[in-house]
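Asks: I'd like to ask some things about the structure below.
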Amino acid sequence: MEDSNQIIAQRRQKAGELAKEGITLYANDFKPGHRIIDLLPADDFDHDTPLSAGTMSVAGRIMALRRFGKAAFLHLQDGTGRIQVHVKRDEVGDAAYAIFKKLDIGDIAAFTGPLFRTKTGEVTIQALSLKLLTKSLLPLPEKFHGLTDIETRYRRRYVDLMVNPEVRDTFRKRVEIIRLVRDFLTNRGFLEVETPMMQPIAGGATAKPFKTHHNALGMDLYLRIAPELYLKRLLVGGFERVFEINRNFRNEGLSTRHNPEFTMLEFYQAYATHEDMMELTEEMISWVAMEVCGTMQISYQGREVDLAPPWRRYTMDEALEKVGGLSRELLSDFAALKKLALSKGVELQPQAGIGKVKTELFELLVEERLIDPTFITAYPTEVSPLARRNADNPEITDRFELFVTGREIANAFSELNDPDDQRQRLEKQIAERGADEEVFPELDDDFLRALEYGMPPAAGEGIGIDRLVMLLTDAPSIRDVILFPHLRPEKK
RNA sequence: GGGUCGUUAACUCAGUCGGUAGAGUAUCUGCCUUUUAAGCAGAGAGUCGUUGGUUCGAAUCCAACACGACCCA
C-alpha cells in the first residue's frame with residue numbers, strides 16, 4: 001500500500017539518483033567527533049558564553065529543513081539533543097550542495113564545521129562539509145502537531161521516540177528509576193538474582209498463566225506469574241537478602257493498568273518483618289522520586305501527591321471505617337457485611353468468609369480514594385495464603401499493601417515459614433479454585449520441601465515497576481511506560 | 001466479555017440536510033545566502049477501516065466485522 005504512495009515514490013527516486021551518482025546511501029565510515037548536547041550552552045538563554053572554537057563534527061537525523069535556494073537551515077537531532085546547522089553553497093561547494101539538495105527530513109547525515117550564533121542568538125554549525133549516512137524512505141509526521149495518533153505511536157514506537165521528546169524522557173526516566181532501585185537495594189546488601197521465567201508450576205500468586213511447551217522434554221511449562229516461590233528457596237539456601245527485577249506474565253485482560261507482561265521487583269530480607277519493609281519502602285520510593293523528579297511533592301494527572309515520609313498507615317478495618325465510611329459495629333457483623341457487598345454487586349463464592357468480604361469492600365469503597373501514599377495493614381489471612389499470621393490474631397496476617405493515587409503499588413508481608421501451615425493454606429486455596437480454572441492449580445511440593453529444611457524468618461515485598469514509573473512520569477496508561485505494549489496484530 | 005466513542009491524503013484535522021473530497025503541514029516545480037510553524041507563486045497527492053444493505057445516488061443512513069481509546073466486569 002505504501003509503495004504506491006507518491007511521497008515514497010519520490011523519495012525512492014531521489015535515493016536512486018544519488019546512488020547513480022555514486023553516493024553511498026547507507027555509509028558507515030563516519031565517526032562523529034561531538035555529541036550535540038556538548039556544543040550547546042547549558043542555558044538556552046545565555047547568549048554570552050563563548051562558543052568552542054574549531055571544527056565540530058556531528059551526526060544525526062534531519063528533523064526540520066528550511067531551504068533558501070543557495071543556502072538552508074536544518075535541525076539535526078542525535079541521541080543527546082538538537083542543533084541548528086547552516087548549509088551554504090559557498091561554504092560546502094557546488095558538488096556537496098547538489099547532494100544536499102537531494103536530502104530530506106528524516107535522513108541521517110553528518111556535518112562538520114565551526115559554531116556561530118545567528119542574529120537571533122541560536123548556536124548553529126556552519127557546515128563546511130556534509131555526508132549522507134542513511135537515506136530515509138518514509139516521511140516523518142508533520143512538524144507542528146507531530147505524531148499523536150495513539151495506535152500509531154504504539155505500533156511505530158520508533159517514530160514516536162524520534163519526534164516526541166517527552167516520550168524519550170519517559171523511557172529515560174524508566175531506566176533511571178530501575179537503576180536507582182537496583183542501587184538502593186544493592187547498597188543495602190541485597191543480591192540481585194535471576195530465577196526461572198518458565199516454571200513447571202505457576203505459583204506465587206493468583207493469576208492465569210501463559211502455557212508453553214518444551215519439545216525435547218515433552219513437558220508443558222508456564223510463563224511465571226511471580227518469582228516468589230523461587231526467591232524464598234534462595235532464603236532457604238542461605239542468601240539472606242535477595243531481589244529480582246524481571247518480567248511476570250499474566251494471561252488476563254488488558255487495561256490502562258495491565259499489560260500481559262509487566263516488570264516486577266521482588267525482594268526478600270531474612271530476619272525482617274513487614275514493619276521493616278514499610279520503612280524500607282518509604283525510604284526507597286521517596287528517594288527515587290527525589291532523584292528522578294527533584295522533589296517528593298509530585299503531580300499525577302492533575303492531582304498533588306506528597307511522597308515525603310512518613311506515610312499514613314491504616315489497618316484494613318481502619319481504612320474501611322475512616323475512608324470507606326463503614327461503622328465499627330458493621331465491621332464485626334459478617335452477615336451485614338455480606339449483604340452490603342452483594343448489594344454493591346460484588347460476586348461472592350459460597351465459601352467466602354468475612355476476610356474475603358472485607359477485602360472486596362475495601363477494593364470497592366477505599367482503594368481509589370487513597371491518593372497520598374498509604375499502607376494498608378492487617379490483611380485477612382483468608383486472602384493472604386503466603387503471609388505469616390499475626391501473633392495475636394491468627395485471622396489476620398502481618399501484611400501490607402501500599403496504595404498511591406488509588407492504585408496498588410506494593411504488596412509485602414512477613415513470610416510464612418511454617419511448612420505445615422503453608423501446606424494447609426495452599427491446599428485450601430487450591431481446593432477453592434480449581435473447577436472453573438483453565439489451568440488447574442497444583443501444589444508446589446518442592447517449595448514445601450524447601451520450607452521443611454527451614455526458611456529463616458523473613459519479610460518480602462513486590463513492587464510493580466511499571467506502576468511506579470507511571471506515578472513518577474505522570475503517565476496515564478501503562479502503555480506509556482512500556483516501549484512496545486501488547487497490541488493485536490495490525491491488519492494488512 | 002459488555003457499553004460508549006473513534007477510524008477521511010504521509011501527518012494533524014474539516015466535511016452542513018445523502019448529490020462522486022477539503023484545509024494546513026509534508027512532497028514536487030520556480031524564485032529566494034541568517035531562517036526557525038521562513039516567505040511568495042504554482043502543481044500533484046485519497047479503495048473516506050473492511051464487507052454487505054437501504055437509495056436514482058452513501059464519507060454521510062443501517063448491519064456485521066477489524067483495529068484502537070475510555071469505562072465496566
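The values are calculated or read from the model by the stated rules, or taken from the named source; none is laboratory data. Here the structure is a predicted model, which is why all the values come from computation and not from measurement. Cβ coordinates were reconstructed from backbone atoms using ideal geometry, including for glycine residues, and neighbour counts include every protein chain displayed. Remember, those area values only see protein heavy atoms, side chains included, never the ligands or the DNA or RNA. Shrake-Rupley method; radii C 1.70, N 1.55, O 1.52, S 1.80 Å.
Asks: Peptides A:320-326, A:387-393, A:345-351: what's the order by average Cβ count within 10 Å, highest mean first? Could the numbers behind the result be given before it?
Replies: Working: A:320-326: 17.4, A:387-393: 15.6, A:345-351: 9.7.
Going by the mean number of other Cβ atoms within 10 Å, highest first, we get A:320-326, A:387-393, A:345-351.
Asks: Rounded, prolate or oblate for chain A? Axes are the square roots of the Cα gyration tensor eigenvalues, ordered a ≥ b ≥ c, and the cut-off for rounded is a/c under 1.5.
Replies: Working: a/c = 2.50, a/b = 2.20, b/c = 1.14.
Prolate, because a/c is 1.5 or more and a/b exceeds b/c.
Asks: Might you tell me the accessible area per residue for chain A, computed with a 1.4 Å probe and given in Å²?
Replies: Working: 25180 Å² over 492 residues.
Here the residues of chain A average 51 Å² of exposed surface.
Asks: Accessible area of the range A:386-465 with a 1.4 Å probe: how many percent of it is carbon plus sulfur? Kindly include the intermediate steps, with their values, before the conclusion.
Replies: On the way: 1560 of 3560 Å².
Percent of accessible area from carbon and sulfur atoms in the range A:386-465: 44.
Asks: What are the semi-axes of the equivalent ellipsoid of the range A:1-142, taken as the square roots of 5 times the eigenvalues of the Cα gyration tensor, listed largest first and rounded to whole Å? Let's see the in-between values first.
Replies: On the way: eigenvalues 150, 50, 39 Å².
Sorted largest first and rounded, they come to 27, 16, 14 Å.
Asks: Let me ask another. Taking K and R as +1 and D and E as -1, what net charge do the other residues with C-beta under 15 Å from the C-beta of A:A27 add up to? Walk me through the numbers before you get to the answer.
Replies: Numbers: positive: A:K31, A:R61, A:K102, A:K131, A:K135; negative: A:E21, A:D29, A:D107.
Net charge in that neighbourhood comes out at +2.
Asks: Report relative contact order for the range A:1-134 in percent, whole number only (criteria: Cα-Cα under 8 Å, sequence separation at least 6). List each step's numbers first, then the result.
Replies: On the way: 236 pairs, mean separation 33.7, N = 134.
After rounding, I find 25 percent.
Asks: Now a separate question. Sort A:86-93, A:460-467, A:109-116 by packing, meaning the average of other beta carbons within 10 Å per residue, with the highest value first. List each step's numbers first, then the result.
Replies: Details: A:86-93: 17.0, A:460-467: 23.1, A:109-116: 20.2.
Listed from highest to lowest mean packing, they are A:460-467, A:109-116, A:86-93.
Asks: Quick check: Cα centre of the range A:66-135 to Cα centre of the range A:273-312, how many Å?
Replies: Taking the Cα centre of the range A:273-312 as reference, the centre of the range A:66-135 is 46 Å away.
Asks: For the range A:258-336, what is the relative contact order in percent, using Cα pairs closer than 8 Å and at least 6 residues apart in sequence? Mind showing how you got there, number by number?
Replies: Details: 31 pairs, mean separation 12.8, N = 79.
Here the relative contact order equals 16 percent.
Asks: Turning to a different aspect of this structure: Hey, with R₀ at 35 Å, roughly what FRET efficiency would A:E194 and A:A391 work out to, going by the Cβ-Cβ distance, to 0.05?
Replies: Working: r = 34 Å, r/R0 = 0.98.
Using R0 = 35 Å, I get an efficiency of 0.55.
Asks: Can you give the relative contact order of chain A as a percent, counting alpha carbon pairs under 8 Å and 6+ residues apart?
Replies: Numbers: 864 pairs, mean separation 59.3, N = 492.
Computed value for chain A: 12 percent relative contact order.
Asks: Starting from the Cα-Cα distance between A:T80 and A:D94, subtract it from 0.36 nm times their residue separation and give me the gain in nm to one decimal.
Replies: Numbers: separation 14, 0.36 × 14 = 5.04 nm, distance 3.10 nm.
Gain on stretching A:T80 to A:D94: 1.9 nm.
Asks: Excluding A:L40 itself, calculate the net charge of residues whose Cβ lies under 12 Å from the Cβ of A:L40, where each Lys or Arg counts +1 and each Asp or Glu counts -1. Display every interim value, and only then the final one.
Replies: Numbers: positive: A:R35, A:R82, A:R117; negative: A:D38, A:D43, A:D44, A:D46, A:D78, A:E122.
The answer is -3.
Asks: Same structure, new question: With both bridge residues required to lie in chain A, what share of the DSSP beta bridges run antiparallel, to the nearest 5%?
Replies: Details: 72 of 81 bridges.
The answer is about 90 percent antiparallel.
Asks: If you count, for each residue, the other Cβ atoms within 10 Å and average over each peptide, how do A:184-196, A:239-251 line up from highest to lowest?
Replies: Numbers: A:184-196: 14.3, A:239-251: 19.6.
Ranked by mean Cβ neighbours within 10 Å, highest first: A:239-251, A:184-196.
Asks: Less than 12 Å from a label point 7 Å out along the Cα-to-Cβ axis of A:T186: which backbone N atoms in the range A:226-259 qualify, by residue?
Replies: No residue passes the distance filter.
Asks: Using a 1.4 Å probe on the protein chains only, how many percent of the accessible area of the range A:1-134 belongs to carbon and sulfur? Walk me through the numbers before you get to the answer.
Replies: Values: 3890 of 7460 Å².
On the range A:1-134, the fraction of accessible area on carbon and sulfur atoms equals 52 percent.
Asks: If the chain between A:Q10 and A:L448 were fully stretched, how many nm would it gain, using 0.36 nm times the residue separation less the Cα-Cα distance?
Replies: On the way: separation 438, 0.36 × 438 = 157.68 nm, distance 6.71 nm.
In short, 151.0 nm is gained.
Asks: I've got another one for you. Helix-only mean residue ellipticity at 222 nm, chain A, DSSP H runs n ≥ 4 weighted -39,500 (n - 2.57), per residue, nearest 500. What is it? Intermediate values should be presented prior to the final figure.
Replies: Details: 16 runs with 161 residues, N = 492.
Theoretical 222 nm ellipticity from helices: -9500 deg cm²/dmol.
Asks: Roughly what would the spin-label model give for A:D220 and A:D306, points 7 Å off Cα along C-beta, in nm?
Replies: The answer from the label model is 5.2 nm.
Asks: Separate question: Enumerate the amide H contacts of A:D372 below 5 Å, restricted to partners 5 or more residues apart or on another chain; note that Pro and chain-start residues carry no placed amide H.
Replies: A:T405
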